[in-house]
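Undergrad: Below you will find the structure I want to go over with you.
The values are calculated or read from the model by the stated rules, or taken from the named source; none is laboratory data. Since we're looking at a predicted model, the values are computed, not measured. Neighbour counts run over all protein chains shown; Cβ positions are idealised from the backbone, glycine included. For the accessible areas, the whole protein counts, side chains as well, though only heavy atoms, and no ligand, DNA or RNA atoms are used. Shrake-Rupley method; radii C 1.70, N 1.55, O 1.52, S 1.80 Å.
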Amino acid sequence: MNGGDEEVATAAAAGASQPGPPQPLEWKFSQVFGERTAGEEVQEVDIISAIEFDKSGDHLATGDRGGRVVLFERTDAKDHGGSRRDVERMDYPIRHPEFRYKTEFQSHEPEFDYLKSLEIEEKINKIRWCQTANGSLFLLSTNDKTIKFWKVQEKKVKKISEMNMDPSKAVGNGGVASSSNSANPKSFLANGGCPEQSSSYLNNDFSFPPGGIPSLRLPTVVTSHETSLMARCRRVYAHAHDYHINSISNNSDGETFISADDLRINLWNLEISNQSFNIVDVKPANMEDLTEVITSAEFHPTHCNTLAYSSSKGSIRLIDLRQSALCDSHAKLFEETEAPGSRSFFTEIIASISDIKFAKDGRYILSRDYMTLKLWDINMDSGPVSTFQVHEYLRPKLCDLYENDSIFDKFECCLSGDGLRVATGSYSNLFRVFGCAPGSTEATTLEASKNPMSRRQVQTPSRPSRSLSSITRVVRRGADAAGVDANGNSFDFTTKLLHLAWHPTENSIACAAANSLYMYYA
């Protein structure tokens, strides 16, 4: 008996020593780029359409509807010299991440497809960073049809110092001060010619006067200490998609990437722009039989042979490139069975997944459909391990959202680098941060403004949770006030926060509200 009591006591002590879920984060405003003044009208071309941090978190890229790519670089880690990790070891106070404008370039221009009589807009759909090399930055950007590979590097500026040269410096400029024949004095013209032999002055008797020719103007090109950033398009990957490109994703091998449209996924080599391999093709023989399309695709962060893609029916397929050249058959299928009797006209529309992201370790996949965020364990295909209700209060308004086409808005999602939290956007320029660690009840709503006015909702799971290998399957809701947003204001469907990105190593979020880029830290 005593032995049994000791075991129970030991187990209880072990349970008590286990750390609980992390505390909810307090989010603070950091920076804003492109802030609008009150009443200022936003130009369509200035609206941000893509955001992406690089792997180090030291650079941030945004793309807009005008086809421009704007790069920002981190400044707080450079203030004291050395890396941020070195700074953290010192006694300097740790500051929140700060970025500054670095450069911008025109990535895409509007085009016209004459064969299909189709206008191709310049809007940047996705940006993905590639591996850096020799201090240069590399990135991929795409519009609806064409992917481009860009190299951004610093080059030293060469300047012309002076045109009127001092005769005494002529030798230093590479000119010949005198020749062996200069002992014979002759008269010279202002332009360096010889009057006696004007027709054949380029002979052995020709010579420069001592000290050079004062009237001869030669430019001197010198390399200054100034540097300028040059963006150069290294390659163009075109004519491989019949439908609009919705995703591009780099492979962990550093050599290949995928591009996906509604019906196909192509595999490219970064060095080869005139050839790609079709690895997924869901186009039926008869287009009338088409029931679902590809909505998003992403490579596994560490396994170069694995990628996932989502569909308009709410399913995610994991495919293994080692199985076959054409991966029409999936290795795993992740989908949630709908509750009986819950089907309506809008069920399939709101089930369509607009974005998927792998967690940093590749174990989990985060997906965003119109109403929810779902976290999937790739080792468990029976259903999501967590479901987060983003804006459940919109369910009664689905008919209105369908009428004004808002129901087709494609919201992005992101995970924190430590995998403990997820985030996504909503309407009224709001975004939500949820804790996804076991036992966490974190559900924070923030507004993309200088005063985020965050309000945390701490709720219990809306249905009984059941343990699945230390991961609890839960459903957690955001603000559930019907008809008003988290701040008590009437809901605005015209201001929507579609694009956001989480810093890869720190709790810092960049999000786009129309033409403004807001940054927050915790």
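Undergrad: So what's the net charge close to ARG264: Lys and Arg +1, Asp and Glu -1, counting the other residues with Cβ under 15 Å from its Cβ? Numbers along the way, then the final one.
TA: Values: positive: LYS145, LYS283, ARG317; negative: ASP144, ASP242, ASP261, ASP262, ASP281, GLU292, ASP328.
That sum, taken over residues with Cβ under 15 Å, equals -4.
Undergrad: Ignoring ligands, DNA and RNA, please state the percent of accessible area on region 262-315 from carbon and sulfur, probe 1.4 Å.
TA: On the way: 1160 of 2450 Å².
That share works out to 47 percent.
Undergrad: Cross-link candidates for LYS123: which lysines have Cα within less than 17 Å, leaving aside residues fewer than 8 places away along the same chain?
TA: Filter leaves LYS145, LYS148, LYS410.
Undergrad: If you don't mind, there's one more thing I want to ask. For every other residue with a beta carbon closer than 14 angstrom to the beta carbon of SER276, add +1 if it is Lys or Arg and -1 if Asp or Glu, then tell me the sum. Intermediate values should be presented prior to the final figure.
TA: On the way: positive: LYS145, ARG235, ARG264; negative: ASP242, GLU255, ASP261, GLU271, ASP281.
Overall, the nearby charge balance is -2.
Undergrad: Which entries in the list LYS397/LYS496; LYS126/LYS496; LYS55/LYS158 go over 22 Å, if you measure between the two C-alpha atoms of each? Please list the in-between numbers first.
TA: Working: LYS397/LYS496 16 Å; LYS126/LYS496 18 Å; LYS55/LYS158 32 Å.
With Cα atoms farther than 22 Å apart: LYS55/LYS158.
Undergrad: Highest first, please rank the peptides 27-33, 119-125, 350-356 by the mean number of other Cβ atoms sitting within 10 Å of their residues.
TA: Numbers: 27-33: 16.6, 119-125: 18.1, 350-356: 21.1.
So the order, starting with the most tightly packed, is 350-356, 119-125, 27-33.
Undergrad: Express in % the proportion of alpha carbon pairs of region 249-386 at distances exceeding 21 Å.
TA: Numbers: 3985 of 9453 pairs.
The calculated P(r) of region 249-386 puts 42 percent of pairs beyond 21 Å.
Undergrad: Separate question: Each residue of region 397-411 in order: what ³J(HN,Hα) in whole Hz does its phi give by Karplus 6.51 cos²θ - 1.76 cosθ + 1.60, θ = phi - 60°, with x for Gly and Pro?
TA: 9, 4, 5, 5, 5, 6, 5, 9, 6, 5, 5, 9, 4, 10, 8
Undergrad: Right, something else. Report the FRET efficiency, 1/(1 + (r/R0)^6), for ASP400 and LEU218, where r is their Cβ-Cβ distance and R0 is 60 Å, rounded to 0.05. Write out the running numbers ahead of the final one.
TA: Details: r = 74 Å, r/R0 = 1.23.
So, using R0 = 60 Å, E works out to roughly 0.25.
Undergrad: Show me 287-294, 38-45 ranked by packing, highest mean number of other Cβ atoms within 10 Å first.
TA: Order by mean packing, descending: 287-294, 38-45.
Undergrad: Classify region 26-74 from the C-alpha gyration tensor, please: rounded if a/c falls under 1.5, else prolate or oblate depending on whether a/b exceeds b/c.
TA: On the way: a/c = 2.74, a/b = 1.26, b/c = 2.17.
Oblate, because a/c is 1.5 or more while a/b does not exceed b/c.
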